[in-house]
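Below: the structure, in structure tokens.
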Amino acid sequence: MPALHDADPEVAGIIAAENARQHAKIRLIPSENYASRAVLEATGSILTNKYSEGYAGQRYYEGQQEIDRLEELAVARARELFGAEHVNVQPYSGSPANQAVYLALADPGDTVMGMALDQGGHLTHGAAVSVSGRHYKPVQYGVDPATGRLDYEVIEDLARQYRPKLLFCGATAYPRVIDFERFGAIGRRTGAVVVADMAHIAGLVAAGVHPSPVPHVDVVTTTTHKSLRGPRGGMILCRREYAEALDKAVFPGLQGGPHNNTTAAIAVALKEAGTGEFRTYARAIVDNARALAEALAGRGFDLVSGGTDNHLLLVDLRGKGVTGYQMAKALDAAGIVCNYNLIPGDPKPARRPSGIRLGTPAVTSRGFGGAEMEQLAGWMDRVAAIRADEGLDRKARSAAYRKVANEVRGLCSRFPAPGLAEV
Ligand SMILES: *Cc1c(COP(=O)(O)O)cnc(C)c1O
């Protein structure tokens, strides 16, 4: 980025340092990934210069000859890849996509139902601190405390009792397959519009590795930057009957001009996601998650629900004598990046929870396989033991973490990540 280096060495320096960090550390945050160079080039393109309020053929500014073509291409690719009747590619991200669904299909004060944040749901599914919980009446469901899994009987009973206008399914920390067909049936029987938020698993759905919600529910929302490996953005997929209301909610209801550079990068990512190579990638994400789960379980780590069917794991650390917060900080010092996370029914508060959340989309993008998952579990076990060892002072601990970080760096140097500049 020579122009940036000249114009603003301070920002260029921060980006270079972040590039080095993304190269030298193992990234296990399940919502993160490495976008391809092609996606990054489209994101950084001159399309950022153009205003395009409205939709193809009905814009409020002239000069849309190329932008209309671009947006129609992105929409056509999304419809084809996911088999959707209608697609809107303009939402700025996943949260605004959900916000548009509320605006289109519910009125303030209406009852809406979603998975609780502390059970694995997303903020936008009715959490009290979010506009979705403040402007609507949220009814929240969780997982069965004994199994760590969704209990569809309980969810259906709640829906019958509260008759929500909208029923959200989809999660941000749920390691198992979600039965979208069952959610669709619950919605039909209780009169709710069912919204599947596939933000985390869109790449798995595109590749056929997780069952698609599209045939079973009314509306599907997603981000484009998680397992789908595109730019930061959002999409809404829906049945034709909801198309007009949802389009109007995105623009002019909620947003102004679409980010055309992002639209271009979404189109590129959708093309990439339609390839056989991407299907192989998505299968490897799930294989790696399963291998990591088995390797961790073999070292005495306790996994919520006993394992995983998708790209993520929730690890309950109470048996290891460390909290999720301590473990996440210790792992970062050792070159392994994850996030601390509540586990279902966690006795601890959200800022100091008992678990961590791990995901395999990013490491799979850089080519990690079963052997690396085994290696990773070994490092995690070592880090937990270092953190829990009361005989070590702060300095001794730091030195022990640094030793792991060096080994991690050695592994990472053998697996260059897509999109990054050389370091
Ligand atoms: C990440 C996520 C979102 C929000 O996406 P942002 O792009 O961060 O706004 C919404 N829903 C779910 C389930 C998510 O995991």
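Here, each number is a calculation from the coordinates, and none is a lab measurement. Being a predicted model, the structure only gives us computed values, none of them experimental. Glycine gets a Cβ as well: all are built from the backbone with ideal geometry, and neighbour counts include every protein chain shown.
The table for this structure:
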read-out	value
Enclosed volume per residue, in Å³, of the convex hull spanned by Cα atoms of the range 156-273	115
Length added when fully stretched, Asp6-Glu241, from 0.36 nm per residue minus Cα-Cα	79.4 nm
Pairs of Lys in the chain closer than 24 Å at Cα, counting only those 8 or more apart or on different chains	20
Among Ile29, Pro2, Ala42 the positive-end extreme of the charge dipole of the range 1-84 (Cβ point charges)	Ile29
Between the range 44-101 and the range 310-353, the alpha-carbon center distance in angstrom	38
Percent of beta bridges antiparallel (DSSP, the range 27-186, rounded to nearest 5)	30
Given 11 as the ceiling on other Cβ atoms within 10 Å, longest exposed-site-free region of the chain for trypsin sites (Lys or Arg not before Pro) in DSSP loops	1-350
About the Cα centre, charge dipole magnitude for the range 22-176 (Lys/Arg +1, Asp/Glu -1 at Cβ), debye	340
Selection from Ala206, Met373, Met115, by position along the positive dipole direction of the chain (Cβ)	Met373
Overall Cα dimensions of the chain - principal axes, largest extent first, Å	66, 60, 37
Total charge dipole magnitude, the range 277-335, about the Cα centre, Cβ charges on Lys, Arg, Asp, Glu only, Debye to nearest 20	100
Overall form of the range 289-423 per C-alpha gyration tensor (a/c, 1.5; a/b vs b/c)	oblate
Chain lengthening between Arg402 and Ala24 when straightened (0.36 nm per residue, less Cα-Cα)	134.8 nm
Over the range 296-423, relative contact order from alpha-carbon pairs under 8 Å, at least 6 apart, %	27
Simple spin-label estimate for Arg79 and Arg189 in nanometres, 7 Å along Cα-Cβ	3.4
Order of Thr224, Thr124, Thr172 - criterion: other Cβ atoms within 10 Å of each residue's Cβ, fewest first	Thr172, Thr124, Thr224
Kyte-Doolittle mean at least 0.0, axial Cα span of 20 Å or more - DSSP H helices of the chain	276-297, 370-388
Ellipticity estimate at 222 nm from DSSP helix runs (n ≥ 4, -39,500 (n - 2.57)) divided over the chain, nearest 500	-14000 deg cm²/dmol
Only Lys, Arg (+1) and Asp, Glu (-1) charged, at Cβ; the chain dipole about Cα centre in debye	960
FRET efficiency, Ile15 to Ser413 (Cβ-Cβ, R0 22 Å, nearest 0.05)	0.60
